[in-house]
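Chemist: One structure coming up, written as structure tokens, with questions to follow.
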Amino acid sequence: MKKYTLFFTFCLSISVFGAYSQDSKAGAIIDAMQKKYKTMKSFGASFTYGVDGSAQVLQGNITVKGSKYRLKTGGQEIFNNGKEVATYIKETNEVNISDYEPSESDLNPAKVYTFDKKGFRYVFVQEVKEGGESYEVIELSPEKKGTQVSKVKIKLNKKDKSVKSWVITDKNGKRQTFKVNKFTPNVAVDEKYFAFDKSKYPGVEVNDLR
């Protein structure tokens with residue numbers, strides 16, 4: 001009898017863990033959110049972000065078109081044309097250029113809308129109300145071991161599945177919070193916008209890491 005009890009407990013623990021790891025409700029929310037954003041040819045967003053323990057709140061904005069994006073944050077600008085990534089550092093007037101190697105566990109402002117959920121465990125956390133709106137909160141944890149990211153918590157508008165904010169917790173427990181202030185779908189943008197143009201940055205030092 002004891003053996004059967006232990007076996008039942010073992011099976012129950014597996015089923016509970018599996019439900020927590022790949023929550024069907026969270027999966028449906030992710031699918032609906034990604035369907036919304038993938039219908040857009042391009043989009044732009046402005047956001048604020050900060051790190052726990054710091055009173056400083058920084059501004060940023062991003063423009064995305066397919067796998068291409070251009071991200072501006074405090075002190076630097078990242079150009080991704082789908083083939084290479086150029087990171088311009090304003091303080092030192094230098095740019096680092098490397099091949100584009102997407103990381104499944106890195107949910108930066110460009111990827112939070114289109115990440116591959118197969119690379120994560122996901123679970124529905126709660127529903128909250130703010131300013132008369134209802135929001136759904138889901139939590140993601142990278143499947144891959146040894147990543148810099150420990151978990152990501154995303155808050156979405158329940159009605160239209162738009163992303164309101166996300167919080168990234170690194171492996172050391174430090175949290176970085178991003179909040180979307182303005183979102184513009186289908187912005188008109190030229191392909192050249194995503195490539196770094198050396199002529200527009202006089203005297204820039206180019207570090208080619210490819």
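Chemist: Which value in nm describes the separation of the simple spin-label points at ASP160 and ASN93, placed 7 Å from the Cα toward the beta carbon?
Modeler: Between ASP160 and ASN93, the label points sit 4.3 nm apart.
Chemist: Further, regarding this structure: So what does log10 I(q)/I(0) come out to for segment 23-129 at q = 0.10, 0.15, 0.18, 0.24 Å⁻¹, using the Debye formula with one equal point on every Cα and no solvent?
Modeler: -0.36, -0.80, -1.08, -1.38
Chemist: On to the next question. Counting each DSSP H run of 4 or more residues in the chain as -39500 (n - 2.57), what helix-only mean residue ellipticity at 222 nm follows after dividing by all residues, to the nearest 500 deg cm²/dmol?
Modeler: Roughly -5500 deg cm²/dmol at 222 nm, from the helical runs in the chain.
Chemist: Continuing with the same structure: The list [x] 18.4; [y] 19.1; [z] 18.0 gives values of Kirkwood radius over Cα pairs in Å, and only one came from this structure; which label was calculated from it?
Modeler: Here Kirkwood radius over Cα pairs in Å agrees with entry [y].
Chemist: Another question about this same structure. Nearest 10 degrees is fine. How inclined is helix 2-21 to the longest principal axis of the chain, computing both from alpha carbons?
Modeler: 30
Chemist: Given the peptides 109-120, 48-59, 186-197, arrange them by the average over their residues of other C-beta atoms within 10 Å, most packed first.
Modeler: Packing proxy ranking, top to bottom: 109-120, 186-197, 48-59.
Chemist: Could you tell me the calculated FRET efficiency between LYS171 and ALA32, based on Cβ-Cβ distance and R0 = 35 angstrom, to the nearest 0.05?
Modeler: My answer for the efficiency is 0.75.
Chemist: Please compute the contact order of the chain in relative form: average sequence separation of alpha-carbon pairs under 8 Å and at least six residues apart, divided by the residue count, as a percent.
Modeler: Here the relative contact order equals 23 percent.
Chemist: Related question: Which aspartates and glutamates, on any chain, are close to LYS161 with Cα under 18 Å apart, when same-chain ones fewer than 8 places away are left out?
Modeler: Cα-Cα hits under 18 Å: ASP23, ASP31, ASP116, GLU127, GLU130, GLU133, GLU136, GLU139.
Chemist: Taking a ≥ b ≥ c as the square roots of the Cα gyration tensor eigenvalues, with a/c under 1.5 meaning rounded and otherwise prolate when a/b beats b/c, else oblate, which class fits segment 124-210?
Modeler: Here segment 124-210 falls in the oblate category.
Chemist: Hey, another quick one. Pop a pseudo-label 7 angstrom from the Cα along the beta-carbon direction at both LYS41 and GLU143 and give the gap in nm to one decimal.
Modeler: 3.4
Chemist: With springs only between Cα atoms under 10 Å, which of LYS155, LYS164, LYS198 fluctuates most in a Gaussian network model of the chain?
Modeler: Among LYS155, LYS164, LYS198, the largest mean-square fluctuation in the Gaussian network model of the chain belongs to LYS198.
Chemist: Here is a follow-up. I'd like the orientation of helix 24-38 relative to the chain: the angle between its Cα long axis and the longest Cα principal axis, in ° from 0 to 90, rounded to 10.
Modeler: Tilt of helix 24-38: around 20 degrees.
Chemist: Taking square-rooted eigenvalues a ≥ b ≥ c of the alpha carbon gyration tensor, is segment 131-173 rounded, prolate or oblate, where a/c under 1.5 means rounded and, failing that, a/b exceeding b/c means prolate?
Modeler: It is prolate, given that a/c is not under 1.5 and a/b is the larger ratio.
Chemist: If R0 is 30 Å, what FRET efficiency do you get for SER54 and LYS118 from their C-beta distance, rounded to 0.05?
Modeler: 0.35
Chemist: Shifting gears a bit: With every protein chain present, what accessible area does ARG175 have (1.4 Å probe, heavy atoms only), rounded to the nearest 10 Å²?
Modeler: 110
The values are calculated or read from the model by the stated rules, or taken from the named source; none is laboratory data. Predicted model only: the values in this text are computed from it and were never measured. In this analysis, Cβ positions are derived from the backbone assuming ideal geometry, glycine residues included, and neighbour counts consider all displayed protein chains. Side chains included, ligands, DNA and RNA excluded: accessible areas come from the protein's heavy atoms. Shrake-Rupley method; radii C 1.70, N 1.55, O 1.52, S 1.80 Å.
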